[in-house]
Amino acid sequence: MRASYGNWFGSVDHRAALYDLSDREVNYRPEEVDEVSWHRDEHRTRLPDEPPGDPRPGGSWELTRRLIEMYEPPMPSIIRGLYRADVPLLGRDMLLEGRFYGLHFSMGVRVTEVVDEVRDDGTRVWGWSYQTLQGHLERGCMAYEVVKHLDSGGVEFLTHGVSQRAPTTGPVISLGWHLFGRRTQLRFYRGCGARVQRIMEGVLAGRLELPTPVVVDGLVHAPSDARTRSRDRLAVRSEHPG
């Protein structure tokens, strides 16, 4: 287990970097999000239906909630996360590693909202969202939600975010973001949806086991199927590049 997960962040002291996040603030002001320079994205993925009414135990909605809570949706080839197993979801600091064409960036986010409600449109929604911290490549927030339409039984996985590139990134990172960043960002949204859909269909059909958190020395490594690769040794790494 240690050989597979212990060196995700290479020479970066990942435990120290994670604990350092408690001293970092959100890197934007809420009123800035109204500016036209921000990207606004939403991606919906249909999951296996349930009977109408409240979510069923062991059904698509409940199992997707578990995946979202443990940060299982991201594609590990693009984003990986690390967080303390003993910290509640709301207020949780997470150290993310963004993987971008041989460049690995360690960046911080904080969970600032958890949603658990029945909405006026007749949907049952559970999810959470994080905001980016000082040093992140981007500025903004992202949410992961599972939605059930109580009248029809339809279940969806939803990601939505508001973001822009952090203005303090250097010229090389800025050029890379200009050429590939937005494309990678949209691929990430689509990949999260496809990944959750594949897992849910496989689990409910009995072909897959529901993933469980991978905890090493009190830290959760997510997604659970991420592994180090031999070429990771050659990656150029940057800590809090924004």
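Structure values in brief
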| read-out | value |
| --- | --- |
| Hey, Trp8 at pLDDT 95 or above, surrounded by 13 or more Cβ atoms within 10 Å (Cβ to Cβ) and of a type in the set (Phe, Trp, Tyr) or not | no |
| Matching option when the condition is under 18 Å from Ser22 (Cα atoms), touching a residue at least 24 places away in the same chain (Cβ under 8 Å) and surrounded by fewer than 23 Cβ atoms within 10 Å (Cβ to Cβ), among Gly102, Gly135, Gly127, Gly98 | Gly135 |
| Spans of strands (runs of 3 or more DSSP E) in segment 57-173 with at least 3 residues over 11 Å from the mean Cα position of the chain (by Cα) | 93-100, 103-118, 123-132, 138-149, 155-165 |
| Residues of segment 12-49 that turn out to be free of Cβ contacts under 8 Å to residues at least 24 places away in the same chain, in a loop (DSSP other than H, G, I, E, B) and within 19 Å of Thr112 (Cα to Cα), as a count | 1 |
| Hits in segment 69-95 (condition: touching a residue at least 24 places away in the same chain (Cβ under 8 Å) and of a type in the set (Val, Ile, Thr)) | Ile78, Ile79 |
| Residue in segment 95-113 that is modelled with pLDDT of 95 or more and within 15 Å of Leu158 (Cβ to Cβ) present | yes |
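The values are calculated or read from the model by the stated rules, or taken from the named source; none is laboratory data. Here the structure is a predicted model, which is why all the values come from computation and not from measurement. No Cβ is skipped: glycine too gets one built from the backbone with ideal geometry, and neighbour counts run over all protein chains shown.
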